[in-house]
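Inspection log for the structure reproduced underneath, given as structure tokens.
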Amino acid sequence: MGIKGFQGTSLLDFPGRIASLVFWGGCNLTCPFCHNPALVLEPEAYPNLDADDLLADLAERKSFIDGVVISGGEPTLGRDLIPFLEVVKALGLEVKLDSNGLAPQVLSELFCKELVDYLAIDLKTLPRRYPELHAGPVAYRQLLETVQLCREASVELEYRTTCVPGWVDEGVIAELGELIQDAPLWALQQYHPEHALCEEAREVVAYPAEKIRTFADIAGRYAQRVVVRGL
Ligand code: SF4
């Protein structure tokens with residue numbers, strides 16, 4: 001665990017903001033289609049970045065960035081996440097957090113301390129299939145708790161689903177839609193298999209664009225707004 005990567009400036013990862021990106025290593029899933037396998041499988045192969053150095057860097061940049069994106073891996077596993085975000089917020093920067101949603105207790109603390117402005121939660125497939133995403137036990141019911149928590153949270157919220165064949169289809173979109181009914185934003189993303197964690201997943205042929213648009217039509221029955229990315 002720990003901070004493994006930093007990118008100074010991005011226009012793409014925090015909607016409407018210019019942001020720096022910070023990556024935490026380690027994850028409690030090993031999704032076969034994971035796009036960032038090095039951070040998941042061998043985080044110890046990368047040295048931890050010094051949090052104080054990083055915060056000093058962010059302080060220098062704060063006149064030309066709006067916020068910081070916290071991604072991974074799964075950042076909610078990092079014990080140093082909350083103190084790190086306390087300093088980021090004290091700098092006057094906004095925070096976007098990318099999470100798989102399996103740690104509602106951490107998210108609850110982040111909400112209580114007002115340390116997150118924008119939360120992006122991945123919905124990878126049906127919650128009951130999450131145990132297929134990892135060799136060890138997966139507390140997938142915690143995802144349901146997170147969805148409930150997010151209904152009451154006063155943060156900008158986005159659900160994201162990467163449309164991986166074999167994990168996402170029309171029925172999955174409809175069932176996930178019922179789970180997140182009335183969510184403000186649901187982003188459906190095209191799958192790009194090149195860097196997937198498992199060889200099998202690298203051989204999967206991505207859905208054609210029309211199929212993703214069909215999924216978006218279905219998703220639109222449930223979420224207030226649907227966007228498609230990566231086509
Ligand atoms: S896709 Fe996300 S949740 Fe899945 S292994 Fe990769 S970082 Fe973890």
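The values are calculated or read from the model by the stated rules, or taken from the named source; none is laboratory data. No experiment lies behind these values; they were computed from the predicted model shown. Quick reminder, even Gly has a Cβ in these numbers, built from the backbone with ideal geometry, and neighbours come from all protein chains shown. For accessibility, only protein heavy atoms count, side chains too; no ligands or nucleic acids. Shrake-Rupley method; radii C 1.70, N 1.55, O 1.52, S 1.80 Å.
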Heavy atoms only, probe 1.4 Å: what % of the accessible area of segment 96-153 goes to carbon and sulfur, would you let me know? 49 percent
Isolated Cys in the chain, by beta carbon distance under 4.7 Å: Cys27, Cys112, Cys150, Cys163, Cys198
Rolling a 1.4 Å sphere over the protein heavy atoms, what is the accessible area per residue of the chain, to the nearest Å²? 47 Å²
Taking the Cβ of Val87 as the center, what net charge do the other residues with Cβ under 11 Å away carry, scoring Lys and Arg +1 and Asp and Glu -1? -2
Where the accessible area of segment 1-77 is counted over protein heavy atoms with a 1.4 Å probe, how much of it, in %, is carbon and sulfur? 54 percent
Using 7 Å Cα-to-Cβ label points, what is the Glu178/Asp80 separation (nm, one decimal)? 4.4 nm
Cβ-defined net charge surrounding Val69, 10 Å radius [Lys, Arg +1; Asp, Glu -1]: -1
Tell me the label-point distance for the pair Ala38, Glu203, using the 7 Å Cα-to-Cβ offset, in nm and rounded to one decimal. 2.5 nm
The extension gain from Asn48 to Arg129, computed as 0.36 nm times the residue separation minus the Cα-Cα distance, is 25.9 nm
Among Ala201, Ala135, Ser20 the positive-end extreme of the charge dipole of the chain (Cβ point charges): Ala201
Return the calculated 222 nm mean residue ellipticity for the chain, to the nearest 500 deg cm²/dmol, obtained by summing -39500 (n - 2.57) across DSSP H runs with n ≥ 4 and dividing by the residue count. -9000 deg cm²/dmol
So the FRET efficiency between Ala56 and Leu231, C-beta based with R0 = 45 Å and rounded to 0.05, is 0.70
Let me understand the chain better: what is its radius of gyration from the alpha carbons, and its Dmax, in angstrom? 17.1, 48
Packing-based ranking, highest mean first, of 145-151, 97-103, 193-199 given that Cβ atoms within 10 Å are counted: 97-103, 145-151, 193-199
Under 13 Å, Cβ to Cβ, from Val138 - net charge with Lys/Arg +1 and Asp/Glu -1: +2
Dipole of segment 163-231 (Lys/Arg Cβ +1, Asp/Glu Cβ -1, origin at the Cα centre): which of Pro165, Gln190, Gly220 lies farthest to the positive side? Gly220
Using Cα positions and a limit of under 23 Å, work out the lysines in reach of Lys96, with same-chain residues fewer than 8 apart set aside. Lys4, Lys62, Lys113, Lys124
Over segment 102-146, what per residue volume does the convex hull of the Cα atoms give, in whole Å³? 72 Å³
